[in-house]
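> Before we start, here is the structure in question, set down as structure tokens.
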Amino acid sequence: NNDSTYYISLPLSTRAGEQRGTLRLGYSEIDTEEQIEQIFRRGLYISLAFLVLNTFLVLFWGRRIVRPLQKLRHAARNIATGSLDEKLVVDSTITEIANLAEDLNRMRAGLVKQANTLKHQASHDALTGLPNRLLLTNRMEYIISISSRSKEPFTFMLMDLDGFKEINDTLGHMAGDLLLQQVATRL
């Protein structure tokens, strides 16, 4: 009938086959369509709520994650370029980010220590720990430039160990090294 209602007619008969009447059943799709529409609306509301919640979480948590990560990136770039003076401070409740910041700080501290060690090795004698010729040359150039600008004299002292060659030749280089170390300690 194009009215979303379906009818079924069943003949009612006895056991002997005699027809006693007709059973007519009607079924309307209207209730089912309303339930489908209601379920569809609820699904749409749940989807919208999920999208709003997701957007909120991305905006709120995204900033909390991105800011510390940007600091970590900046610190990593500073370390890569050799700028090791700036200690990294990242306040984050996210354990992985805090751990990464600690690791970067440890790496930076290790590089600072290594750089200082290399700098000291480049400018000091390994045996005595006293400044070497390179450091002497640098400091002399500096003192000479200051003295020439200020017109003030400076003093330079040079020391020689008499008989050191004989100690090396007679007692050996190990004894000579010990003597040099003792002299350096006393200086």
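> Let me confirm something: among L10, L72, which residue is surrounded by 10 or more Cβ atoms within 10 Å (Cβ to Cβ), in contact with a helix residue (DSSP H, G or I) (Cβ under 8 Å, 6 or more places away or on another chain) and either outside any helix (DSSP H, G or I) or in contact (Cβ under 8 Å) with a residue 12 or more places away in the chain (or both)?
Working: L10 fails: in contact with a helix residue (DSSP H, G or I) (Cβ under 8 Å, 6 or more places away or on another chain).
Only one candidate passes the filter, namely L72.
> Quick check on R42: is it within 30 Å of T5 (Cβ to Cβ), in a helix (DSSP H, G or I) and free of Cβ contacts under 8 Å to residues at least 12 places away in the same chain? Spell out the reasoning first.
Numbers: within 30 Å of T5 (Cβ to Cβ): yes; in a helix (DSSP H, G or I): yes; free of Cβ contacts under 8 Å to residues at least 12 places away in the same chain: yes.
Yes; evaluated as a whole, the condition is true for this residue.
> Then there's this: Report yes if S92 is open to solvent by less than 100 Å² (accessible area, probe 1.4 Å), polar (S, T, N, Q), at pLDDT 90 or above and over 28 Å from R186 (Cβ atoms), otherwise no.
Values: open to solvent by less than 100 Å² (accessible area, probe 1.4 Å): yes; polar (S, T, N, Q): yes; at pLDDT 90 or above: no; over 28 Å from R186 (Cβ atoms): yes.
The answer is no for S92.
> Which of the residues belonging to segment 120-134 are surrounded by 11 or more Cβ atoms within 10 Å (Cβ to Cβ), charged (D, E, K, R) and assigned to a helix (DSSP H, G or I)? Let's see the steps before the verdict.
Kept after step one, since they are surrounded by 11 or more Cβ atoms within 10 Å (Cβ to Cβ), are these residues of segment 120-134: 120-121, 123-125, 127-132, 134.
Now drop any that are not charged (D, E, K, R), which leaves 125.
Once the filter is applied, which keeps residues that are surrounded by 11 or more Cβ atoms within 10 Å (Cβ to Cβ), charged (D, E, K, R) and assigned to a helix (DSSP H, G or I), segment 120-134 yields nothing.
The values are calculated or read from the model by the stated rules, or taken from the named source; none is laboratory data. Because the structure is a prediction, the values reported are computed rather than measured. Quick reminder, even Gly has a Cβ in these numbers, built from the backbone with ideal geometry, and neighbours come from all protein chains shown. When the accessible area is computed, the model is the full protein with side chains, heavy atoms only, and any ligands, DNA or RNA have been set aside. Shrake-Rupley method; radii C 1.70, N 1.55, O 1.52, S 1.80 Å.
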